[in-house]
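The values are calculated or read from the model by the stated rules, or taken from the named source; none is laboratory data. Everything numeric here is computed off the predicted structure, so don't read it as measured data. Quick reminder, even Gly has a Cβ in these numbers, built from the backbone with ideal geometry, and neighbours come from all protein chains shown. To get the accessible areas, we keep the full protein, side chains included, count just its heavy atoms, and leave off ligands, DNA and RNA. Shrake-Rupley method; radii C 1.70, N 1.55, O 1.52, S 1.80 Å.
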Amino acid sequence: MEASLLDLVFLSEKREKVLLLLREGPKSIKEIENSLNYSSTSVQPQIKILKERHLLYREDNKYGLTLIGETIAENMRELVDTLESFENKHDFWNNHRLEGIPPDLLNRISELKHSTFASPLDKSNMFSPHTEFVENIAKSEFVKGISPFLHPLYPKMFLEFAERGIDVSLIVTEPVFERMRTEFRPEIEQFLSLNNTRLYVYEKEMLLSSAVTNCFLSLGLFYNNGTYDHDNDILCFEPEGLRWGEDLFAYYRGMSREITEI
């Protein structure tokens, strides 16, 4: 009995890797062997199987993906990237609340595959900003931030960025906004008077924090017990991660009201 395409692809790591490799374009047997570090005796039978099931074609001594093979490989890549994204940071994702991430962006979590963890600037102070956050945000052209809490350094810091010409857009919760206008009123008034600033208030519960610029994405989450994780921020510098961060900001901005004066 002929194996299903699902079994054909996913029950063989070699066949899976051949399909994903050929997304780059047609390759000879030798190129496939060298790229995957497989021997000819191990890879040729798998290529034969894939060709018999019309996932590969052979032309000019090179193998390439058929349209069906290309479609399968493209969807495989997304699934594999998603699995690797969760696997690489399994404990982190498993121990944090993910409800703050909209479903379509959770489905695109593979775009954060190449990410690291940021560390606090001052390890003796759990509320200290992260080193990478401070270093990279200072050299950014724009900042789009989402925050459910107010760090005492932030009002002055973001005002200074805006006064230097950096475009700054912030989304905060209602309690944070109330604190801003009582404890940091002069800074917020000056912030709102600038042409390159935007301030929004999100009226529902906010289960994450985020900052995205043209340089990096920083993402913080709450533990499953409801406390915010001040130690571990996801940090990503890849273009797909930055797009993911901008889409996250756009999602929350679409459900927030803009503040123009206080």
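Return yes or no: is Leu50 in contact with a Lys or Arg (Cβ under 7 Å, 6 or more places away or on another chain), of a type in the set (A, V, I, L, M) and open to solvent by less than 40 Å² (accessible area, probe 1.4 Å)?
Working: in contact with a Lys or Arg (Cβ under 7 Å, 6 or more places away or on another chain): yes; of a type in the set (A, V, I, L, M): yes; open to solvent by less than 40 Å² (accessible area, probe 1.4 Å): yes.
Taking the combined requirement at face value, the residue satisfies it.
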Problem - Condition check for Phe216: farther than 17 Å from Val168 by Cβ and crowded, with 16+ Cβ neighbours inside 10 Å - result: no
Fill in the blank from the handout: Out of (1) free of Cβ contacts under 8 Å to residues at least 12 places away in the same chain; (2) open to solvent by less than 60 Å² (accessible area, probe 1.4 Å), the one Ser193 does not meet is (2)
Exercise for the section: With the checklist (1) in contact with a strand residue (DSSP E or B) (Cβ under 8 Å, 6 or more places away or on another chain); (2) in a helix (DSSP H, G or I) in hand, flag the one item Asn75 doesn't pass. Expected result: (1)
Exercise for the section: Working carefully through the options Val18, Val9, Val80, find the one that is within 30 Å of Phe216 (Cα to Cα), buried (at least 16 other Cβ atoms within 10 Å of the Cβ) and either in contact with a Leu (Cβ under 7 Å, 6 or more places away or on another chain) or modelled with pLDDT under 90 (or both). Expected result: Val80
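In segment 176-234, which strands (runs of 3 or more DSSP E) lie fully inside it and hold 1 or more residues that are out of contact with any Leu (no Cβ under 8 Å at 6 or more places or on another chain) and over 19 Å from Gly165 (Cα atoms)?
Details: elements: 197-202, 208-213, 217-221.
The strands (runs of 3 or more DSSP E) meeting that bar are 197-202.
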Exercise for the section: Give just the number: which of (1) part of a loop (DSSP other than H, G, I, E, B); (2) within 18 Å of Ala118 (Cβ to Cβ); (3) at pLDDT 95 or above does Met255 not satisfy? Expected result: (2)
Problem - Glu238 being in contact with a Pro (Cβ under 6 Å, 6 or more places away or on another chain), under 27 Å from Glu135 (Cβ atoms) and among the acidic types (Asp, Glu) - result: no
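I'd like the residue in segment 21-46 that is within 18 Å of Leu67 (Cβ to Cβ) and of a type outside the set (Lys, Arg) and, out of all such residues, is most open to solvent (accessible area, probe 1.4 Å).
Of segment 21-46, the ones within 18 Å of Leu67 (Cβ to Cβ) are 21-27.
Narrowing the set further to residues that are of a type outside the set (Lys, Arg) leaves 21-22, 24-26.
Details: Leu21: 19, Leu22: 6, Glu24: 136, Gly25: 17, Pro26: 70 Å².
Step by step, filter segment 21-46, then rank; the result is Glu24.
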Exercise for the section: Confirm whether Leu170 is more than 23 Å from Arg108 (Cα to Cα), aliphatic (A, V, I, L, M) and not in a strand (DSSP E or B). Expected result: no
